[in-house]
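Asks: Below: one structure in C-alpha coordinates.
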Amino acid sequence: MEFESNLAFAQKMDQEDPLVEFRSKFHIPQHQGKNTIYFCGNSLGLQPKSAKEHILRDLKNWEELGVEGHFTGDWQWVDYHKRFRKPLSNLVGSLESEVVAMNNLTVNLHLAMVSFYRPTKEKFKIICEGHAFPSDQYAFESQVKFHGYNPNEAIIELVPKEGEDTLRTEDIIATIEQHKNETALILIGGLQYYTGQFFDLKTIADYAQQNNITFGVDLAHGVGNMPLKLHDWGIDFAVWCSYKYLNSGPGAVSGMFVHEKHHQNVDLPRFAGWWGHEEKERFMMKKGFIPISSADGWQLSNCPVFNMSAHYASLEIFEEAGIDRLREKSLKLSGYLLHLLEELDFIKVITPKTEQDRGCQVSMYVAENGKKIFDYLHSKGVIADWREPNVIRIAPVPLYNTFEEVYQFFNILKEAKNIIND
Ligand SMILES: *Cc1c(COP(=O)(O)O)cnc(C)c1O
(Lines give C-alpha, C1' and ligand atoms only; values in the text may rest on other atoms or scores of the structure.)
Protein backbone atom coordinates (compact mmCIF):
# COMPACT_ATOMS: atom_id res chain seq x y z
CA MET A 1 0.00 0.00 0.00
CA GLU A 2 1.24 3.48 -0.93
CA PHE A 3 0.98 5.90 1.99
CA GLU A 4 1.18 9.67 1.70
CA SER A 5 2.29 12.10 4.35
CA ASN A 6 -0.54 14.60 4.19
CA LEU A 7 -3.86 15.34 5.84
CA ALA A 8 -5.98 14.83 2.72
CA PHE A 9 -4.62 11.31 2.32
CA ALA A 10 -5.37 10.45 5.97
CA GLN A 11 -8.90 11.81 5.66
CA LYS A 12 -9.46 9.82 2.49
CA MET A 13 -8.36 6.66 4.29
CA ASP A 14 -10.96 7.38 6.98
CA GLN A 15 -13.69 7.95 4.42
CA GLU A 16 -12.92 4.63 2.78
CA ASP A 17 -12.68 2.75 6.07
CA PRO A 18 -15.50 0.15 6.30
CA LEU A 19 -15.23 0.19 10.11
CA VAL A 20 -15.37 3.96 10.54
CA GLU A 21 -18.80 3.86 12.23
CA PHE A 22 -17.48 1.85 15.17
CA ARG A 23 -15.74 4.88 16.66
CA SER A 24 -19.13 6.37 17.56
CA LYS A 25 -19.80 3.38 19.85
CA PHE A 26 -17.10 4.58 22.27
CA HIS A 27 -16.65 7.48 24.68
CA ILE A 28 -13.53 9.43 23.67
CA PRO A 29 -11.81 11.14 26.64
CA GLN A 30 -11.51 14.93 26.33
CA HIS A 31 -8.57 17.31 26.62
CA GLN A 32 -9.26 21.07 26.79
CA GLY A 33 -12.65 20.61 25.21
CA LYS A 34 -11.44 18.44 22.34
CA ASN A 35 -11.10 14.73 21.73
CA THR A 36 -7.80 13.32 22.89
CA ILE A 37 -5.76 11.25 20.48
CA TYR A 38 -6.20 8.12 22.51
CA PHE A 39 -3.43 5.68 21.61
CA CYS A 40 -3.48 3.77 24.88
CA GLY A 41 -5.91 0.97 24.07
CA ASN A 42 -3.05 -1.45 24.76
CA SER A 43 -3.19 -0.36 28.39
CA LEU A 44 -6.83 0.52 29.02
CA GLY A 45 -9.34 0.32 26.20
CA LEU A 46 -12.08 2.94 25.91
CA GLN A 47 -15.55 2.58 27.33
CA PRO A 48 -18.22 1.28 24.95
CA LYS A 49 -21.27 3.54 25.28
CA SER A 50 -23.41 0.42 25.61
CA ALA A 51 -21.56 -0.65 28.79
CA LYS A 52 -23.80 1.59 30.89
CA GLU A 53 -27.09 0.02 29.83
CA HIS A 54 -25.73 -3.47 30.45
CA ILE A 55 -24.52 -2.53 33.94
CA LEU A 56 -27.76 -0.69 34.73
CA ARG A 57 -29.83 -3.71 33.66
CA ASP A 58 -27.92 -5.98 36.01
CA LEU A 59 -28.16 -3.45 38.84
CA LYS A 60 -31.89 -3.22 38.27
CA ASN A 61 -32.26 -6.98 38.44
CA TRP A 62 -30.47 -6.99 41.76
CA GLU A 63 -32.64 -4.08 42.97
CA GLU A 64 -35.87 -5.81 42.00
CA LEU A 65 -35.08 -9.47 42.44
CA GLY A 66 -32.54 -9.75 45.22
CA VAL A 67 -31.26 -13.29 45.49
CA GLU A 68 -33.75 -14.48 42.91
CA GLY A 69 -31.69 -12.71 40.24
CA HIS A 70 -29.46 -15.80 40.22
CA PHE A 71 -32.18 -17.87 38.58
CA THR A 72 -34.64 -15.38 37.09
CA GLY A 73 -35.07 -13.93 33.64
CA ASP A 74 -32.98 -13.72 30.48
CA TRP A 75 -29.98 -12.33 32.30
CA GLN A 76 -29.92 -14.66 35.30
CA TRP A 77 -26.54 -14.60 37.01
CA VAL A 78 -26.01 -18.32 37.51
CA ASP A 79 -24.74 -18.83 34.00
CA TYR A 80 -23.41 -15.39 33.16
CA HIS A 81 -20.02 -16.85 32.18
CA LYS A 82 -21.65 -18.93 29.43
CA ARG A 83 -22.52 -15.80 27.43
CA PHE A 84 -18.83 -15.27 26.72
CA ARG A 85 -18.11 -18.63 25.16
CA LYS A 86 -19.03 -17.74 21.62
CA PRO A 87 -17.40 -14.30 21.38
CA LEU A 88 -14.25 -15.41 23.22
CA SER A 89 -13.87 -18.54 21.10
CA ASN A 90 -14.11 -16.35 17.98
CA LEU A 91 -11.39 -14.09 19.31
CA VAL A 92 -8.90 -16.77 20.31
CA GLY A 93 -9.77 -19.39 17.68
CA SER A 94 -11.04 -22.19 19.85
CA LEU A 95 -13.99 -24.42 20.60
CA GLU A 96 -16.59 -22.85 22.86
CA SER A 97 -15.79 -25.45 25.50
CA GLU A 98 -12.15 -24.34 25.59
CA VAL A 99 -12.69 -20.81 26.94
CA VAL A 100 -14.03 -19.33 30.15
CA ALA A 101 -14.30 -15.77 31.49
CA MET A 102 -13.21 -15.63 35.13
CA ASN A 103 -11.01 -13.95 37.73
CA ASN A 104 -8.12 -11.66 36.85
CA LEU A 105 -5.17 -12.32 34.65
CA THR A 106 -2.45 -13.10 37.17
CA VAL A 107 -4.87 -15.26 39.16
CA ASN A 108 -5.59 -17.26 36.00
CA LEU A 109 -1.90 -17.54 35.25
CA HIS A 110 -1.35 -19.12 38.66
CA LEU A 111 -4.35 -21.42 38.30
CA ALA A 112 -3.11 -22.56 34.89
CA MET A 113 0.38 -23.14 36.24
CA VAL A 114 -0.99 -25.27 39.07
CA SER A 115 -2.30 -27.62 36.39
CA PHE A 116 0.34 -27.25 33.71
CA TYR A 117 3.62 -26.57 35.48
CA ARG A 118 4.39 -29.88 37.11
CA PRO A 119 8.13 -29.96 37.58
CA THR A 120 10.13 -33.10 38.29
CA LYS A 121 13.81 -33.41 39.24
CA GLU A 122 14.65 -34.00 35.57
CA LYS A 123 12.19 -31.60 33.96
CA PHE A 124 11.70 -28.45 36.00
CA LYS A 125 12.60 -25.48 33.82
CA ILE A 126 10.33 -22.74 32.49
CA ILE A 127 11.33 -21.00 29.28
CA CYS A 128 9.94 -17.46 29.12
CA GLU A 129 10.82 -14.24 27.36
CA GLY A 130 13.39 -11.99 29.02
CA HIS A 131 11.79 -8.77 30.12
CA ALA A 132 8.44 -10.51 30.61
CA PHE A 133 5.73 -8.38 32.24
CA PRO A 134 6.62 -8.09 35.96
CA SER A 135 3.48 -9.83 37.20
CA ASP A 136 4.31 -12.82 35.00
CA GLN A 137 7.90 -12.85 36.24
CA TYR A 138 6.67 -12.88 39.85
CA ALA A 139 4.26 -15.68 39.04
CA PHE A 140 7.01 -17.81 37.44
CA GLU A 141 9.42 -17.17 40.29
CA SER A 142 6.92 -17.91 43.03
CA GLN A 143 5.64 -21.07 41.31
CA VAL A 144 9.18 -22.37 40.93
CA LYS A 145 9.87 -21.71 44.61
CA PHE A 146 6.54 -23.22 45.63
CA HIS A 147 7.68 -26.49 44.05
CA GLY A 148 11.03 -26.27 45.86
CA TYR A 149 13.27 -25.31 42.94
CA ASN A 150 15.67 -22.44 42.49
CA PRO A 151 14.44 -19.71 40.11
CA ASN A 152 18.02 -18.96 39.01
CA GLU A 153 18.32 -22.49 37.68
CA ALA A 154 14.75 -23.08 36.64
CA ILE A 155 13.86 -19.92 34.72
CA ILE A 156 15.40 -19.65 31.27
CA GLU A 157 14.93 -16.27 29.61
CA LEU A 158 14.85 -15.77 25.86
CA VAL A 159 16.93 -12.73 24.93
CA PRO A 160 17.51 -11.05 21.57
CA LYS A 161 20.84 -11.31 19.80
CA GLU A 162 23.42 -8.69 20.74
CA GLY A 163 22.42 -5.40 19.11
CA GLU A 164 18.88 -6.54 18.26
CA ASP A 165 15.61 -5.54 19.92
CA THR A 166 13.38 -8.50 19.23
CA LEU A 167 13.63 -12.28 19.22
CA ARG A 168 14.16 -14.44 16.16
CA THR A 169 12.07 -17.59 15.95
CA GLU A 170 15.16 -19.66 15.14
CA ASP A 171 16.81 -18.43 18.34
CA ILE A 172 13.73 -19.27 20.39
CA ILE A 173 13.80 -22.77 18.92
CA ALA A 174 17.54 -23.06 19.55
CA THR A 175 17.06 -22.18 23.23
CA ILE A 176 14.28 -24.73 23.58
CA GLU A 177 16.48 -27.31 21.86
CA GLN A 178 19.30 -26.59 24.28
CA HIS A 179 17.10 -27.08 27.38
CA LYS A 180 14.47 -29.46 26.05
CA ASN A 181 15.24 -32.39 28.31
CA GLU A 182 14.92 -30.27 31.46
CA THR A 183 12.01 -28.08 30.39
CA ALA A 184 8.57 -28.56 31.90
CA LEU A 185 6.89 -25.49 30.43
CA ILE A 186 7.31 -22.81 27.78
CA LEU A 187 5.32 -19.72 28.73
CA ILE A 188 5.57 -16.54 26.72
CA GLY A 189 3.50 -13.45 26.04
CA GLY A 190 1.90 -14.07 22.65
CA LEU A 191 2.52 -10.45 21.83
CA GLN A 192 5.37 -8.92 23.81
CA TYR A 193 4.07 -6.01 25.87
CA TYR A 194 7.24 -3.91 25.62
CA THR A 195 8.44 -4.38 22.05
CA GLY A 196 5.09 -5.15 20.43
CA GLN A 197 6.53 -8.27 18.79
CA PHE A 198 4.06 -11.02 17.92
CA PHE A 199 5.63 -14.44 18.21
CA ASP A 200 5.30 -17.26 15.73
CA LEU A 201 3.12 -19.26 18.10
CA LYS A 202 2.38 -22.06 15.65
CA THR A 203 6.04 -22.84 15.01
CA ILE A 204 6.82 -22.76 18.73
CA ALA A 205 3.76 -24.90 19.52
CA ASP A 206 4.77 -27.51 16.93
CA TYR A 207 8.26 -27.65 18.32
CA ALA A 208 7.02 -27.86 21.92
CA GLN A 209 4.68 -30.70 21.00
CA GLN A 210 7.38 -32.68 19.21
CA ASN A 211 9.47 -32.45 22.36
CA ASN A 212 6.67 -33.16 24.77
CA ILE A 213 6.85 -29.77 26.47
CA THR A 214 3.71 -27.96 27.65
CA PHE A 215 3.20 -24.59 25.95
CA GLY A 216 1.17 -21.76 27.44
CA VAL A 217 0.74 -18.14 26.35
CA ASP A 218 -0.18 -14.92 28.08
CA LEU A 219 -2.38 -13.09 25.60
CA ALA A 220 -2.82 -9.84 27.55
CA HIS A 221 -1.63 -7.97 24.44
CA GLY A 222 -2.73 -10.51 21.88
CA VAL A 223 -6.44 -10.96 22.47
CA GLY A 224 -8.63 -8.54 20.53
CA ASN A 225 -5.50 -7.43 18.69
CA MET A 226 -4.49 -10.42 16.58
CA PRO A 227 -6.60 -13.16 15.00
CA LEU A 228 -5.55 -16.34 16.85
CA LYS A 229 -5.96 -20.08 16.32
CA LEU A 230 -5.19 -21.52 19.72
CA HIS A 231 -7.03 -24.78 19.11
CA ASP A 232 -5.48 -25.56 15.72
CA TRP A 233 -2.04 -24.50 16.86
CA GLY A 234 -2.30 -27.03 19.68
CA ILE A 235 -1.46 -24.56 22.43
CA ASP A 236 -2.06 -26.15 25.85
CA PHE A 237 -3.43 -23.14 27.69
CA ALA A 238 -3.69 -19.37 27.49
CA VAL A 239 -4.71 -16.56 29.79
CA TRP A 240 -5.57 -12.91 29.10
CA CYS A 241 -7.13 -9.79 30.56
CA SER A 242 -10.01 -7.86 29.06
CA TYR A 243 -9.28 -4.25 29.98
CA LYS A 244 -6.66 -3.67 27.24
CA TYR A 245 -7.76 -4.27 23.64
CA LEU A 246 -11.01 -5.83 24.89
CA ASN A 247 -12.32 -2.52 26.29
CA SER A 248 -14.10 -4.10 29.26
CA GLY A 249 -13.04 -1.60 31.92
CA PRO A 250 -10.40 -1.34 34.64
CA GLY A 251 -9.71 -4.65 36.36
CA ALA A 252 -12.41 -6.34 34.29
CA VAL A 253 -12.94 -10.08 34.31
CA SER A 254 -10.21 -12.02 32.51
CA GLY A 255 -10.15 -15.24 30.54
CA MET A 256 -8.58 -18.62 30.15
CA PHE A 257 -8.24 -21.15 27.35
CA VAL A 258 -7.60 -24.83 28.04
CA HIS A 259 -7.12 -27.07 25.01
CA GLU A 260 -9.72 -29.78 24.60
CA LYS A 261 -7.06 -32.47 24.86
CA HIS A 262 -6.83 -31.74 28.59
CA HIS A 263 -10.53 -31.65 29.41
CA GLN A 264 -11.02 -35.31 30.28
CA ASN A 265 -7.83 -35.62 32.28
CA VAL A 266 -9.10 -35.83 35.85
CA ASP A 267 -5.55 -36.46 37.09
CA LEU A 268 -4.43 -32.93 36.33
CA PRO A 269 -3.87 -31.23 39.64
CA ARG A 270 -5.90 -28.09 40.10
CA PHE A 271 -7.12 -25.73 42.74
CA ALA A 272 -10.83 -26.37 42.78
CA GLY A 273 -13.93 -24.39 43.64
CA TRP A 274 -17.66 -25.04 43.40
CA TRP A 275 -18.12 -23.19 40.11
CA GLY A 276 -15.80 -25.72 38.47
CA HIS A 277 -17.74 -28.66 39.86
CA GLU A 278 -20.04 -30.81 37.74
CA GLU A 279 -22.96 -28.48 37.11
CA LYS A 280 -25.84 -30.85 37.80
CA GLU A 281 -24.51 -31.46 41.28
CA ARG A 282 -23.30 -27.99 42.13
CA PHE A 283 -26.10 -27.18 44.51
CA MET A 284 -26.30 -30.60 46.14
CA MET A 285 -23.55 -29.45 48.45
CA LYS A 286 -21.85 -32.83 48.41
CA LYS A 287 -18.25 -33.74 49.15
CA GLY A 288 -15.89 -34.85 46.39
CA PHE A 289 -14.91 -32.51 43.55
CA ILE A 290 -15.87 -33.62 40.04
CA PRO A 291 -14.50 -31.15 37.48
CA ILE A 292 -16.66 -30.00 34.57
CA SER A 293 -14.90 -31.44 31.52
CA SER A 294 -14.28 -28.13 29.78
CA ALA A 295 -12.46 -24.89 30.55
CA ASP A 296 -15.34 -24.21 32.98
CA GLY A 297 -13.83 -26.82 35.25
CA TRP A 298 -11.10 -24.37 36.23
CA GLN A 299 -13.59 -21.86 37.65
CA LEU A 300 -13.59 -21.27 41.39
CA SER A 301 -16.31 -18.82 42.24
CA ASN A 302 -19.67 -17.53 41.14
CA CYS A 303 -19.57 -14.76 38.55
CA PRO A 304 -18.56 -11.13 39.28
CA VAL A 305 -21.68 -9.94 37.48
CA PHE A 306 -21.19 -6.15 37.34
CA ASN A 307 -17.71 -6.68 36.10
CA MET A 308 -19.02 -8.99 33.41
CA SER A 309 -21.75 -6.60 32.19
CA ALA A 310 -19.25 -4.26 30.53
CA HIS A 311 -17.29 -7.23 29.19
CA TYR A 312 -20.46 -8.40 27.48
CA ALA A 313 -21.11 -4.95 25.98
CA SER A 314 -17.61 -4.89 24.57
CA LEU A 315 -17.61 -8.40 23.13
CA GLU A 316 -20.89 -7.66 21.38
CA ILE A 317 -19.01 -4.99 19.44
CA PHE A 318 -16.20 -7.40 18.58
CA GLU A 319 -18.77 -9.89 17.30
CA GLU A 320 -20.20 -7.25 15.03
CA ALA A 321 -16.87 -5.96 13.72
CA GLY A 322 -15.10 -9.34 13.44
CA ILE A 323 -11.44 -9.81 14.35
CA ASP A 324 -10.35 -10.39 10.74
CA ARG A 325 -11.76 -7.07 9.57
CA LEU A 326 -10.24 -5.37 12.58
CA ARG A 327 -6.87 -6.88 11.78
CA GLU A 328 -7.09 -5.67 8.21
CA LYS A 329 -7.64 -2.11 9.35
CA SER A 330 -5.10 -2.39 12.15
CA LEU A 331 -2.34 -3.32 9.69
CA LYS A 332 -3.13 -0.24 7.63
CA LEU A 333 -3.25 2.05 10.66
CA SER A 334 0.03 0.85 12.15
CA GLY A 335 1.53 0.57 8.66
CA TYR A 336 0.70 4.23 8.11
CA LEU A 337 2.23 5.17 11.45
CA LEU A 338 5.41 3.22 10.69
CA HIS A 339 5.63 4.87 7.29
CA LEU A 340 5.37 8.37 8.79
CA LEU A 341 7.83 7.61 11.58
CA GLU A 342 10.51 6.78 9.01
CA GLU A 343 10.83 10.54 8.45
CA LEU A 344 11.91 11.13 12.05
CA ASP A 345 15.55 10.56 12.92
CA PHE A 346 15.31 11.12 16.68
CA ILE A 347 13.29 7.99 17.42
CA LYS A 348 13.98 4.36 16.68
CA VAL A 349 11.10 1.95 16.22
CA ILE A 350 11.78 -1.34 17.99
CA THR A 351 8.58 -3.13 16.96
CA PRO A 352 9.15 -5.43 13.98
CA LYS A 353 7.92 -3.84 10.75
CA THR A 354 6.90 -7.07 9.03
CA GLU A 355 3.15 -7.55 9.23
CA GLN A 356 3.07 -11.06 10.65
CA ASP A 357 5.36 -10.01 13.51
CA ARG A 358 3.34 -7.14 14.97
CA GLY A 359 -0.13 -6.02 16.06
CA CYS A 360 -1.55 -2.57 16.81
CA GLN A 361 1.30 -1.41 19.01
CA VAL A 362 4.37 0.46 17.84
CA SER A 363 7.12 0.94 20.42
CA MET A 364 9.85 3.49 19.92
CA TYR A 365 13.08 4.34 21.65
CA VAL A 366 13.70 7.99 22.14
CA ALA A 367 17.42 8.35 22.76
CA GLU A 368 17.38 11.90 24.17
CA ASN A 369 14.79 13.81 26.21
CA GLY A 370 12.36 10.94 25.91
CA LYS A 371 10.31 11.93 28.94
CA LYS A 372 10.13 15.58 27.85
CA ILE A 373 8.90 14.54 24.43
CA PHE A 374 6.34 12.28 26.03
CA ASP A 375 5.17 15.13 28.30
CA TYR A 376 4.86 17.42 25.29
CA LEU A 377 2.68 14.84 23.54
CA HIS A 378 0.54 14.66 26.64
CA SER A 379 0.17 18.45 26.83
CA LYS A 380 -1.19 18.33 23.27
CA GLY A 381 -3.84 15.77 24.13
CA VAL A 382 -2.03 12.62 23.00
CA ILE A 383 -2.62 9.76 25.41
CA ALA A 384 0.29 7.38 24.97
CA ASP A 385 2.27 5.21 27.29
CA TRP A 386 5.73 5.76 28.74
CA ARG A 387 7.96 2.86 29.76
CA GLU A 388 11.21 3.47 31.61
CA PRO A 389 13.91 4.12 30.66
CA ASN A 390 13.18 5.54 27.19
CA VAL A 391 10.33 3.88 25.35
CA ILE A 392 7.07 5.40 24.13
CA ARG A 393 4.37 2.90 23.22
CA ILE A 394 1.61 3.91 20.83
CA ALA A 395 -1.33 1.73 19.91
CA PRO A 396 -3.71 2.92 17.20
CA VAL A 397 -6.72 0.67 17.69
CA PRO A 398 -8.95 -0.18 14.71
CA LEU A 399 -12.24 0.03 16.63
CA TYR A 400 -11.95 3.70 17.54
CA ASN A 401 -8.78 5.30 16.13
CA THR A 402 -8.51 7.03 12.77
CA PHE A 403 -5.89 7.63 10.10
CA GLU A 404 -6.27 11.34 10.72
CA GLU A 405 -5.26 10.82 14.35
CA VAL A 406 -2.16 8.94 13.21
CA TYR A 407 -1.27 11.85 10.96
CA GLN A 408 -1.91 14.41 13.71
CA PHE A 409 0.16 12.40 16.16
CA PHE A 410 3.06 12.36 13.73
CA ASN A 411 2.91 16.16 13.42
CA ILE A 412 2.82 16.68 17.16
CA LEU A 413 5.79 14.35 17.58
CA LYS A 414 7.68 16.30 14.92
CA GLU A 415 6.90 19.56 16.77
CA ALA A 416 8.02 18.03 20.05
CA LYS A 417 11.50 17.56 18.72
CA ASN A 418 11.74 21.20 17.61
CA ILE A 419 10.60 22.50 20.95
CA ILE A 420 13.19 20.45 22.76
CA ASN A 421 15.97 21.76 20.49
CA ASP A 422 14.98 25.39 21.05
C1 LIG B 1 -1.37 -6.17 31.58
C2 LIG B 1 -0.62 -7.38 31.90
C3 LIG B 1 -0.72 -8.02 33.15
C4 LIG B 1 -1.54 -7.42 34.28
O5 LIG B 1 -1.95 -8.41 35.17
P6 LIG B 1 -3.31 -8.28 36.04
O7 LIG B 1 -3.37 -9.56 36.76
O8 LIG B 1 -4.44 -8.08 35.06
O9 LIG B 1 -3.17 -7.09 36.92
C10 LIG B 1 -0.01 -9.20 33.34
N11 LIG B 1 0.75 -9.73 32.35
C12 LIG B 1 0.87 -9.14 31.14
C13 LIG B 1 1.72 -9.77 30.09
C14 LIG B 1 0.21 -7.95 30.88
O15 LIG B 1 0.35 -7.36 29.70
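Asks: Within the stretch 311-331, is there a residue that is more than 20 Å from the chain's Cα centre (by Cα) and either of a type in the set (A, V, I, L, M, F, W, C) or at pLDDT below 95 (or both)?
Replies: The answer is no; no qualifying residue exists.
Asks: Same structure again: In the stretch 53-77, what residues are without any contact (Cβ under 8 Å) to a residue 60 or more places away in the chain and either touching a Lys or Arg at 6+ places or on another chain (Cβ under 8 Å) or not in a helix (DSSP H, G or I) (or both)?
Replies: PHE71, THR72, GLY73, ASP74, TRP75, GLN76
Asks: If you don't mind, another one. What strands (runs of 3 or more DSSP E) completely inside the stretch 147-262 contain at least 2 residues that are within 15 Å of the ligand (Cβ to nearest atom) and free of Cβ contacts under 8 Å to residues at least 60 places away in the same chain?
Replies: Output list reads 155-158.
Asks: Report yes if some residue within the stretch 279-297 is touching a residue at least 24 places away in the same chain (Cβ under 8 Å) and within 16 Å of the ligand (Cβ to nearest atom); otherwise report no.
Replies: no
Asks: Right, another one. Does TYR376 count as of a type in the set (Ser, Thr, Tyr) and farther than 21 Å from TYR38 by Cβ?
Replies: It is false that TYR376 is of a type in the set (Ser, Thr, Tyr) and farther than 21 Å from TYR38 by Cβ.
Asks: Here are some residues: SER89, SER97, SER50, SER115. Which one is under 27 Å from PHE22 (Cα atoms) and touching a Lys or Arg at 6+ places or on another chain (Cβ under 8 Å)?
Replies: SER50
Asks: Still on this model: Can you name every residue in the stretch 333-346 that is at pLDDT below 95 and crowded, with 18+ Cβ neighbours inside 10 Å?
Replies: PHE346 - this is the single residue of the stretch 333-346 that is at pLDDT below 95 and crowded, with 18+ Cβ neighbours inside 10 Å.
Asks: Consider the stretch 308-332. How many of its residues are surrounded by 19 or more Cβ atoms within 10 Å (Cβ to Cβ) and under 21 Å from TYR243 (Cβ atoms)?
Replies: Matching residues across the stretch 308-332 total 13.
Asks: Read through the list (1) surrounded by fewer than 18 Cβ atoms within 10 Å (Cβ to Cβ); (2) at pLDDT 95 or above, then give the number of the only condition that ASP79 fails.
Replies: Among (1) surrounded by fewer than 18 Cβ atoms within 10 Å (Cβ to Cβ); (2) at pLDDT 95 or above, ASP79 violates only (2).
Asks: May I ask you to list the residues in the stretch 98-141 that are part of a loop (DSSP other than H, G, I, E, B), modelled with pLDDT of 95 or more and either away from the ligand (no atom under 13 Å from the Cβ) or surrounded by fewer than 24 Cβ atoms within 10 Å (Cβ to Cβ) (or both)?
Replies: Across the stretch 98-141, the qualifying residues are ASN103, ASN104, TYR117, ARG118, PRO119, THR120, LYS121, GLU122, LYS123, PHE124.
Asks: If ASP296 satisfies all but one of (1) crowded, with 19+ Cβ neighbours inside 10 Å; (2) under 29 Å from ASN401 (Cβ atoms), what's the number of the condition it fails?
Replies: If we test ASP296 against (1) crowded, with 19+ Cβ neighbours inside 10 Å; (2) under 29 Å from ASN401 (Cβ atoms), just (2) comes out false.
Residue-by-condition table, conditions (1) of a type in the set (Phe, Trp, Tyr); (2) under 20 Å from ARG83 (Cα atoms); (3) buried (at least 22 other Cβ atoms within 10 Å of the Cβ):
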{"residue": "ALA208", "(1), (2), (3)": "no, no, yes"}
{"residue": "LEU219", "(1), (2), (3)": "no, no, yes"}
{"residue": "GLY224", "(1), (2), (3)": "no, yes, yes"}
{"residue": "LYS229", "(1), (2), (3)": "no, no, no"}
{"residue": "ASP232", "(1), (2), (3)": "no, no, no"}
{"residue": "PHE237", "(1), (2), (3)": "yes, no, yes"}
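The values are calculated or read from the model by the stated rules, or taken from the named source; none is laboratory data. The model shown is predicted, which means the values in this text are computed figures rather than measured ones. All Cβ positions, glycine included, derive from the backbone under ideal geometry; neighbour counts span all protein chains shown.
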